[in-house]
Amino acid sequence: MMILGIESSCDDTSVALLDITDDHIEILAEKTASQIDVHKKYGGVVPEIAGRKHAEKIIPLVEYILEEVKVTKPDVIAVTSGPGLITGLVVGVETAKTLSYLWNVPIVSVNHIEGHIHSVLIGQQSTDYRLQTKQKMGSVVRSPLSVDFPTLSLIASGGHTELILSKEQGAYEKLGGTVDDAAGECFDKAAKLLGFDYPGGPKISQYAETGNPHAIEFPRPMINSKDFNFSFAGLKTSALYWLRDNKLSAMNVIPYKLPTGVYGQMQEPPTINDFCASFEQAIVDVLVTKTLTAVKKYKPKTVTLGGGVSANVKLRNTLVEAIKHHSPLCTFYFPLSTYCMDNAAMIAVAGYHRAKNKKFTPWDKLEADPNWKIYNPHPSSKL
Ligand code: KG4
Ligand code: ZN
């Protein structure tokens, strides 16, 4: 089945054409227009600008993809209809509706988080060595289209931090989520304090590589709470206070070593690398501890990681080791780095099962829903 994926829920306009069957996923063409350069001067995504940029890019991207593969239309259109920024979602949804009407091709409506959950299936990387043989073949990424259930997914991105349990394909149960900032948002806000460009998560993890993760004792909010919720706002605030108490401002942090830590134990003053490593370690500890607690309670056969923060190497490695140690029979999957960030290929993959079961949404009934929760009934089930 040839599926055209469309994603525009945040600051990436992405279109991809995939050939998907029960046995394989083949990416025929894909292209993403990132808006990072536009938003970084504002320190974050500006919804109105995002909407305009999506509108400028989306049709040229569709044209490019179809020309690349030399087809006139796909069999199905899979589009992200929520959650996300309404200014971006409406562009993708209205484009899908127009193309559906013009081409007489059905639409499947896809939840953005469901897309991130399925991102691990593209060119699978897992702790199961049998699957690692099915890796990249030239420019085409092939993968089988299944994981063992129950599956526990940790989705950590700029807008979301959620633990989701899936007992069967397409059924989702929320175990917990952030009560304030998302993990990626926390990385980005701390990065902004340091004077790094948006999105600052990758920069913090780059500096952290050579820092001491125990140099500064940042809090691990809610790490021992009985539920599976997260809270990162306090961690961000404590990073702010740490910088303020040490009389640092964004501009003078970067070129110089930080003064001796407030905990006063260190011989050497903490460096910017130490600050980043300690901050990263606090976020990783919380994410890994909560995931592991859920693994122990729900005993999933599979754990998957997804969302922009899944690109963080420390998080991946710590989670791999923790799962290997506590649940050696559980397989851990994480996305190829290209598919950690928002992309249309994961939307097409997530839409495949719905399309296979003909759960289409008529174009005149499709609506963008910025607050669509993955564990709530699919909007098309109300039709
Ligand atoms: O999934 P995504 O592309 O967009 C959203 O749906 O939010 O995630 C973007 C987020 C940003 O907050 C970015 O700073 C974070 O993912 N991120 C990282 C890393 N790479 C991207 N955070 C920590 N370490 C990284 N290596
Ligand atoms: Zn995302």
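The values are calculated or read from the model by the stated rules, or taken from the named source; none is laboratory data. Because the structure is predicted, anything quoted here is derived from the model rather than measured. Virtual Cβ from ideal backbone geometry, glycine too; neighbours counted across all protein chains shown. Accessible surface is based on the protein model in full, side chains and every heavy atom, while ligands, DNA and RNA are left aside. Shrake-Rupley method; radii C 1.70, N 1.55, O 1.52, S 1.80 Å.
I'd like to verify a number: residues in region 137-150 that are modelled with pLDDT under 50, more than 25 Å from residue 312 (Cβ to Cβ) and open to solvent by less than 60 Å² (accessible area, probe 1.4 Å), how many? Residues flagged as modelled with pLDDT under 50, more than 25 Å from residue 312 (Cβ to Cβ) and open to solvent by less than 60 Å² (accessible area, probe 1.4 Å) within region 137-150 amount to 1. Going residue by residue through region 178-199, is there one that turns out to be more than 16 Å from ligand 1 (Cβ to nearest atom) and surrounded by fewer than 22 Cβ atoms within 10 Å (Cβ to Cβ)? Within region 178-199 (the criterion being more than 16 Å from ligand 1 (Cβ to nearest atom) and surrounded by fewer than 22 Cβ atoms within 10 Å (Cβ to Cβ)), the answer is yes, since at least one residue qualifies. Taking region 147-182, which residues are within 15 Å of residue 297 (Cβ to Cβ) and assigned to a loop (DSSP other than H, G, I, E, B)? 150, the sole residue that qualifies. Residues of region 10-19 include at least one that is in contact (Cβ under 8 Å) with a residue 24 or more places away in the chain and among the acidic types (Asp, Glu). Looking across region 302-318, the residues that are within 13 Å of ligand 1 (Cβ to nearest atom) and either open to solvent by less than 20 Å² (accessible area, probe 1.4 Å) or farther than 20 Å from residue 280 by Cβ (or both) come down to 305, 306, 307, 309, 310, 312, 315.
Only one of the numbered conditions (1) more than 24 Å from residue 189 (Cβ to Cβ); (2) of a type in the set (D, E, K, R); (3) without any contact (Cβ under 8 Å) to a residue 12 or more places away in the chain is not met by residue 37, and that is (1).
More than 21 Å from residue 199 (Cβ to Cβ), among the charged types (D, E, K, R) and crowded, with 17+ Cβ neighbours inside 10 Å: is that true of residue 299 in this structure? The answer is no for residue 299. If you filter region 330-368 down to residues that are among the polar types (S, T, N, Q) and farther than 13 Å from residue 122 by Cα, you find that the one that is least open to solvent (accessible area, probe 1.4 Å) is 361. Determine whether residue 211 is away from ligand 1 (no atom under 13 Å from the Cβ) and surrounded by 20 or more Cβ atoms within 10 Å (Cβ to Cβ). Here the answer is yes, as residue 211 does meet what is asked.
Just to be sure, is residue 195 more than 16 Å from ligand 2 (Cβ to nearest atom) and under 26 Å from residue 341 (Cα atoms)? So residue 195 passes the test. Within region 358-368, not a single residue is more than 19 Å from residue 178 (Cα to Cα), within 16 Å of ligand 2 (Cβ to nearest atom) and polar (S, T, N, Q). Number of residues in region 151-169 that are more than 13 Å from ligand 1 (Cβ to nearest atom) and open to solvent by less than 40 Å² (accessible area, probe 1.4 Å): the value is 7. Under the condition of being part of a helix (DSSP H, G or I), touching a residue at least 40 places away in the same chain (Cβ under 8 Å) and not charged (D, E, K, R), the residues counted in region 276-312 number 19.
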